[in-house]
Amino acid sequence: MERTVPTTANEEIDLYLRTMYSLLRTTAEVQIRALEEVHASMNSLLHPLANQDQPDPSAFIYSLLRLPACVASARSIILGQSQDVFARHGYPAVESWNPVSATARRRRCFYNGKDTLACFIASRSDIDDVIPALTAFQIEWNKIHELLSDCPLDIIHHAGMGDKSAMGVLAGFLHIANEDFSRLWSAWAIASDLPSDKSDEKASNYLLNLTNHRCNFRIRLLGGSLADYWRATRIWWDNIEYYFPDILNRPVYFLSSNTHSIVNLLSGYALHQRPVLENFLAGSSNQELFFEWKKIQSGNAPSSMENFLYYILKKYQQANPNDVTTLYEFERQRGIHRIPSQHSFDVEAQIIEIHKLNLQSADPRLILNTILETPNHTTDLNKSNAIIINVDYPLGLAAYNILSKIAEHANSMLGVYVMGKAATLNGVLGDVMIPNVVHDEQSQNTYLFQNAFSAADISPYLIFGSVLDNQKSVTVRGTFLQNAKIMDVFYREGYTDIEMEAGPYLSAIYEMIRPKRHPVNEIINLAGAPFDFGLIHYASDTPLSKGRNLGAGTLSYYGMDSTYAASIAILRRILMNEHKRLTQTL
């Protein structure tokens, strides 16, 4: 069959990947500077100024928020798949090091407090993500370091003290616009590992580190074979099976989303805690949020009351961490079990027993205007033996490994639903995209499928954005591994939804319904799958508008709108399908 999209890789990106993986074959450490030239030559959309002397604030911010703060002090970065792999290569107690994390990327990492950072990786996609980020970080760090060497020390000192005038002069020395320098200063405050509540003090500490030393990362890959990744996935699964052994005997609805929206909707804990949250909000220093709540209550704001309470719950628990224990117990009473990762990559799982749910205390949007609204029908679900396995959406090829492992052990699969972030070429931040065509750069396959969702399933719950269904999506290898040439090919062929997990999930689904491994470079029609399949993306980046993304930091209140609209649609479909299944079998 004729392909619907041409081969999208180009020579510059191919050269970068070949160089990177050939260097990683060595058993010794590799200097990141060996990749700087090919990194700059690929003309990444996320790093357009890589080959210029002028700093690229957006690229620096993007990379530093996706690396642990301690990376600024690290010299060696070690990548491995599991605790056993680290131990076999001379790091027997890596999990006893200080656990560290990035602001905008989820990955289990440990720092020895001196010069070595160890990161657990789940697939080749982690390599495609980590190494370009480290390279961009090092390039931009060293640019700024060199420029600071010509800057008078008193300017650096006064800027570090928060002097706005000196900060303006410093921005000039760095050839950075004042607005971009302000963004960079805020990012430095976030990324600083200084134990302080004062953002200027933390940013100043980061500036001091920049001034004092050049960045010269060395990286080493431990293992790296497919078998190593499969073993890491098995360790991940064995941990889940240990905590919930009955998982082998129960029909499964698989859901890849996040760790907050699904359980918030099903447990109703934030709604139960509404008086406590209102008191917390009234005493908060953030009066903007308090006034927003007042407008919601009076009907003068279109925002969702439930979504707002979920957002405030997160703020409340940051200030009152002991409440998390109460939350987990509340969830367990309603059949919601959280299973954190151990000794392997960082993908939390949640097991949700449908028959234990109390939908009368859950988010009212789950049952409103559906057959489940009547008491008799919600009672029917108490007879369900099915479970929902919700995993914190993995990165890239880890999605294939995880779904394949679950399919291997699950009793029967009733539905597969994927919700995640994506870049959009035709929408705006907060829009929701629903594709029915996915081109996968990993397998070079183009998948055609019947998506379980349409705009009508999500629009009633989306306040601030638009729903774009009948879209075409591209699964890319990495966020830095795209340039204007590739984006132009995508857009000309009608591909407007860009992300990293849909293709690997579809490759796993192919192997769940066909008697062979997924092919390469083919057009595949998945119509007629014996279980429900739905794929929803919400726009977190607009790569054609530089520097605009939801993923630059923590999720804002307005950024939750599309997440919860998609989550409601998925849960309503699962509950409706389970009711129909029970009606047919009882």
Quiz item: Of the residues LYS294, LYS315, which single one is surrounded by fewer than 17 Cβ atoms within 10 Å (Cβ to Cβ), within 22 Å of ARG365 (Cα to Cα) and in the same structural domain as TYR558 (by TED's automatic domain parsing)?
Solution: LYS294
Quiz item: Is there any pair linking a residue in the stretch 65-82 that is under 9 Å from ASP115 (Cα atoms) and acidic (Asp, Glu) to one that is at pLDDT below 95 and not in a loop (DSSP other than H, G, I, E, B), with Cβ under 7 Å and at least six apart or on different chains, and which?
Solution: none
Quiz item: Where in the stretch 247-309 are there helices (runs of 4 or more DSSP H), lying fully within it, with 1 or more residues that are closer than 30 Å to GLY503 by Cα?
Solution: 261-267
Quiz item: Does ALA28 satisfy being of a type outside the set (S, T, N, Q), over 21 Å from ARG107 (Cβ atoms) and either not in a helix (DSSP H, G or I) or not assigned by TED's automatic domain parsing to the domain that holds CYS215 (or both)?
Solution: yes
Practice problem: Answer yes or no: is there a residue in the stretch 275-287 that is within 15 Å of TYR558 (Cβ to Cβ), free of Cβ contacts under 8 Å to residues at least 60 places away in the same chain and buried (at least 21 other Cβ atoms within 10 Å of the Cβ). | Solution: no
Practice problem: Count, please, the residues in the stretch 106-148 that happen to be free of Cβ contacts under 8 Å to residues at least 60 places away in the same chain and touching a Gly at 6+ places or on another chain (Cβ under 9 Å). | Solution: 2
Quiz item: Among PRO519, PRO530, PRO504, PRO543, which is the only one that is at pLDDT 95 or above and part of a loop (DSSP other than H, G, I, E, B)?
Solution: PRO519
Quiz item: What's the number of the condition GLU306 fails, among (1) in contact with a Lys or Arg (Cβ under 9 Å, 6 or more places away or on another chain); (2) exposed (fewer than 13 other Cβ atoms within 10 Å of the Cβ); (3) touching a residue at least 24 places away in the same chain (Cβ under 8 Å)?
Solution: (2)
Quiz prompt | strands (runs of 3 or more DSSP E) fully within the stretch 370-460 counting 3 or more residues that are within 20 Å of LEU359 (Cα to Cα) and not basic (Lys, Arg) | solution = 387-392
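To keep it simple, each residue is scored yes or no on (1) without any contact (Cβ under 8 Å) to a residue 40 or more places away in the chain; (2) among the basic types (Lys, Arg); (3) surrounded by 18 or more Cβ atoms within 10 Å (Cβ to Cβ); (4) not assigned by TED's automatic domain parsing to the domain that holds MET560.
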{"residue": "THR424", "(1), (2), (3), (4)": "no, no, yes, no"}
{"residue": "MET433", "(1), (2), (3), (4)": "no, no, yes, no"}
{"residue": "HIS439", "(1), (2), (3), (4)": "no, no, yes, no"}
{"residue": "ALA455", "(1), (2), (3), (4)": "yes, no, no, no"}
{"residue": "PHE464", "(1), (2), (3), (4)": "no, no, no, no"}
{"residue": "LEU468", "(1), (2), (3), (4)": "no, no, yes, no"}
Self-check item: Test set (1) part of a helix (DSSP H, G or I); (2) over 15 Å from HIS337 (Cβ atoms); (3) at pLDDT below 95 - GLY223 fails condition number
Solution: (1)
Quiz prompt | Residues (touching an Asp or Glu at 6+ places or on another chain (Cβ under 9 Å) and in a loop (DSSP other than H, G, I, E, B)) located in the stretch 319-341 | solution = ARG334, GLY335, PRO340, SER341
Quiz item: Of all residues in the stretch 402-417, how many are closer than 20 Å to PRO340 by Cα and either among the charged types (D, E, K, R) or surrounded by 24 or more Cβ atoms within 10 Å (Cβ to Cβ) (or both)?
Solution: 3
Self-check item: Meets criteria (modelled with pLDDT under 90 and either surrounded by 17 or more Cβ atoms within 10 Å (Cβ to Cβ) or within 26 Å of the chain's Cα centre (by Cα) (or both)) for LEU153
Solution: no
Quiz item: Just checking, which of LEU134, LEU147 is in a helix (DSSP H, G or I), among the hydrophobic types (A, V, I, L, M, F, W, C), more than 30 Å from GLU501 (Cβ to Cβ) and not assigned by TED's automatic domain parsing to the domain that holds LEU403?
Solution: LEU147
Quiz item: Can you name the residue in the stretch 253-280 that is among the hydrophobic types (A, V, I, L, M, F, W, C) and over 28 Å from the mean Cα position of the chain (by Cα) and is also modelled with the lowest pLDDT among such residues?
Solution: PHE280
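The values are calculated or read from the model by the stated rules, or taken from the named source; none is laboratory data. The shown structure was predicted, so the numbers you read here are calculated from the model rather than taken from an experiment. Note that each Cβ is placed from the backbone with ideal geometry, even for glycine, and that neighbours are counted across all protein chains shown.
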